[in-house]
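This report refers to the structure that appears directly beneath it.
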Amino acid sequence: MEAGGRRERRREAAEYYRGQRVPERMEEALNALFPLRPGDLYGELANYLSKYSKAPVICKLVGRKVLDGVGQPTLEVEIYCTVKNYEKRICSTIMSCHSQIPENALPETIEADEKERNDSVNTAVEWVNESLNTMLRDLEPTDQCQADKMLGEYFTNKVVEKKKIQKQEEEAEATLAFTPPTPSPASPPGKKKAAKAGKKLSVAERPIPPAESAEPVLCGSLAIGGTSLAIAKAGATISHIPLYSHIALLKHDQESPEEITLPLPMVTLLNCEKISPSKLKLVKEVMLIPPVQLSLKQGIERVLHIQKEMTRLLESPGKMPGPQPADSKKGRAQNSGKKGLPQFLKRISQLGCLATGYDDVEQLLLIMQTACSNIGLELGTDVYLAINCAAHELMDYDKGKYEILTGTFKSPDEMVAMYGELIDKFPFIIALIDPLRKEDREQWSKLCCAFGCKCYLIAEDAATCISKLKIDQNINTPMCSGVVLKYINQTKVSDLIELTGILDGQRHITILGSPDGESSDDSLVDLAVGLGARFIKLGGLSRGERVTKYNRLLAIEEELAKNRSLRETKLEFVAFAEESQPENQLSDELPPQEQD
C-alpha cells in the first residue's frame, strides 16, 4: 500500500510540474546558463526563473504617526507585498503637512491648528490600517491608475459621509435652539445712521473682490496622498527602476523618454520675517536661481558661496559697502543704529535659511548685489533672483489695500505699477511668486501682459487645493506664467500627472514646491524630475529634511549624466499680450534684460 501511495504522489507531482511547464523551463534555464558558467549557479538559476514568478501584490498597509522636520505629527505609510510567496516590506513614505496659518497668527489659532492636525493624523492612521489596508489588498503596486481610482472613490465617500453628519448635527442644533420669537428692542435710529455713515467713510476707493473661502481639509485626508505616493514608490521598487523613471513612464503612457530635463532649483537664501522692528512686509522669501549653463552641482556650490558672503555681511552691517540713499534722513537711519538690518542673523528658519528683516525692498536688493559683487559675481548674469511676495498675507480688508511696509498701503492697481518699476529697475528678478491675491484676477492679467515676457509671474496660493485647480481641462487660476504644486492632503500621484499634462499643453510652467512642515522623505524630487517640472522649490540649504532633497537632486543629475540621458535646461518666457509671438529665451550668455 505504501509503495502504491508513493507512486500516486509521484504521478501527481509529475502532472503538477508539467502543468506548470517546470521541466521545459528548467531545461531552458540550464541550457542558457551553461555557456555562461556563472560563479553562483544557483543564484543565477533563481534569477532566471524569477521572471516566471507571479507579480507581487499588496498584502498589507501600515499607517504610523511620526514627526516631521519641525516636530509636528504627520503620517508614515508602509507597503508590504507578497513576493514569491513571502511577505516583504517594500517601502514607506512620510507625508509633509501644509499649514495655512500665517506667521502672525494668535496663540489660540495656532493651538487650534495643532489640535486639528493631530486629530487629522490620528484619523489618517486609522484609515490606512483599517479601510485602505483591506481595500487595496491583492492589488499590484504597479497599477497606479487603479489604486488612485479606488483611493479617489474612498475619499469622495468620506466627504459625502462628513456632509451628511454635519447636516444632521445642524438640524439637531436648530431643533434644540428653537424658541418662540420675542420682539426685539428697536435700535436707536441715531446709531443706525451713524453706522451707515461710518461704512461710507471706510469704503475703499475701488471695491476689491472678497477673499475666496478656504477649501476645508477633510480630517484624515493625509491617508489618501500618503498611500498613493507609497504605492508609486512600491511600483518603482518592484520594477527595479528609480521613482522618477516610474513617474515618467506613468506620465508618458509607459513610453520612456529618451532624455530627462532636471528642474532648476529655487534656493531660498533669506526668509524675511514680517515682524517688528523691520518694516518690509512685501517679501517673504528671497530665492536664488543658478544659470542654466551650470550643472546642478556647480549651481548649488555658487549659491553656497553667495550664502556664505551674505551671512558675513549681515554679521557686520557697519562694514557693509554699497550705495547710500540720497535722502539724508534715510542715510542717518541706515548708518546710526543699523535700523532695518536683520536682527536674527544666527537663527535658521523652518525654510532652512537665515531669518532676517528689512526696511524696504531696495535695501534688501542692494545688499544682495553687494554680496555677489564681493565674490566676483553679477546678479542677472551669474545668478538670478526670485521673490515670494505671499501677497495674500498682506491684504487689509478694512482698507481694501495691501500693506507692503508698516503703515504703507497700496491698492491692487498700485501694486501692478510698483512691480513694473521693480522689474524694470532690477531686471535680475526673473520670478515673482504670489505678487497679488488670487482674487485680483484683473490685476494679474495686467501684470502678465505687461511683464510676463521677462519675468515669471507664478501662482502658489491659488494652487494649494489641487481638487479646485482643474475645471474641464483648464486650470482655475488667474492669468499667470505657471503654478507651484504641492503634494499634500488628498493629492494623488495621478492628479499631479494629469495637471502637469494640462499645464504643459497650455505653455504654463510647473514648479514642485515643498510644504512648510517638511519631512525627510525625498520623493518630491523624484516627482519633480519625472513630471518634467521647470523649477523645484525646496527651501534653503540648511536643515536635514531640506538638504536631503538637494542631495537626491544631485544624485539624479549624476545618474542621468552617466546614462547620457540628461537634457539641456532652457528658461523661456511667454509673451501674454501677443500669444502668437515666439517665446523669449534666456540664453547661456545674456541676462534677460538684454533679450528684449
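The values are calculated or read from the model by the stated rules, or taken from the named source; none is laboratory data. As the structure is a prediction and not an experimental result, all values here were calculated from the model. No Cβ is skipped: glycine too gets one built from the backbone with ideal geometry, and neighbour counts run over all protein chains shown. Ligands, DNA and RNA are stripped out before the accessible areas are found, and what is left, the full protein with its side chains, is counted by its heavy atoms. Shrake-Rupley method; radii C 1.70, N 1.55, O 1.52, S 1.80 Å.
Rolling a 1.4 Å probe over the protein chains gives residue 25 an accessible area of about 60 Å². At q = 0.19 Å⁻¹, what log₁₀ I(q)/I(0) does segment 436-579 have when each alpha carbon counts as one equal point scatterer in the Debye sum? Results for segment 436-579 at q = 0.19 Å⁻¹ read -1.21. Largest first, the residues 382, 440 sort by 1.4 Å accessible area into 382, 440.
At the residue level, residue 252 shows approximately 80 square angstrom of accessible surface with a 1.4 angstrom probe and all protein chains present. The slack between residue 153 and residue 315, meaning 0.36 nm per residue of separation minus the straight C-alpha distance, is 52.9 nm. Taking 156, 109 and ordering them by how much accessible surface each has at a 1.4 Å probe, largest first, produces 156, 109.
Remark: accessible surface ordering of 160, 66 (largest first) is 160, 66, probe radius 1.4 Å. Please say if segment 1-69 is rounded, prolate or oblate, where rounded means a/c under 1.5 for a ≥ b ≥ c the square roots of the C-alpha gyration tensor eigenvalues, and otherwise the choice is prolate for a/b larger than b/c and oblate otherwise? Oblate. The modelled label-to-label distance between residue 421 and residue 66, using points 7 Å beyond Cα along the C-beta direction, is 5.0 nm. Partners of residue 149 within straight-line reach, counting aspartates and glutamates whose Cα lies under 17 Å from its Cα and excluding those fewer than 8 residues away in the same chain: 138, 140, 253, 495, 498.
Which entries of 281/486; 115/164; 163/233; 284/425 show an alpha-carbon separation above 30 angstrom in the structure shown? Result: 163/233 exceed 30 Å. Working from label points 7 Å from Cα in the Cα-to-Cβ sense, the residue 2 to residue 547 distance is 7.0 nm.
Other residues within the sphere of radius under 15 Å centred on the Cβ of residue 114, judged by their own Cβ, net out at -4 (K and R +1, D and E -1). Once the Cα-Cα distance is subtracted from the 0.36 nm per residue extended length, the residue 254 to residue 174 segment shows a gain of 23.3 nm.
Does segment 390-488 classify as rounded, prolate or oblate by the C-alpha gyration tensor (a ≥ b ≥ c root eigenvalues; a/c under 1.5 gives rounded; else a/b over b/c gives prolate, otherwise oblate)? Oblate is the answer for segment 390-488, as a/c is 1.5 or above yet b/c matches or exceeds a/b.
As a calculated quantity, the FRET efficiency between residue 506 and residue 377 at R0 = 35 Å, using C-beta atoms, amounts to about 0.50. Rounded to the nearest 0.05, the FRET efficiency derived from the C-beta distance between residue 558 and residue 115 at R0 = 45 Å is 0.55.
At the residue level, residue 171 shows approximately 100 square angstrom of accessible surface with a 1.4 angstrom probe and all protein chains present. Taking segment 39-60 and a reference point 7 angstrom along Cα→Cβ of residue 24, the backbone N atoms nearer than 18 Å belong to 49-54. Summarising the label geometry, the points placed 7 Å from Cα in the beta-carbon direction at residue 470 and residue 17 lie 5.1 nm from one another. Once the Cα-Cα distance is subtracted from the 0.36 nm per residue extended length, the residue 106 to residue 33 segment shows a gain of 19.2 nm.
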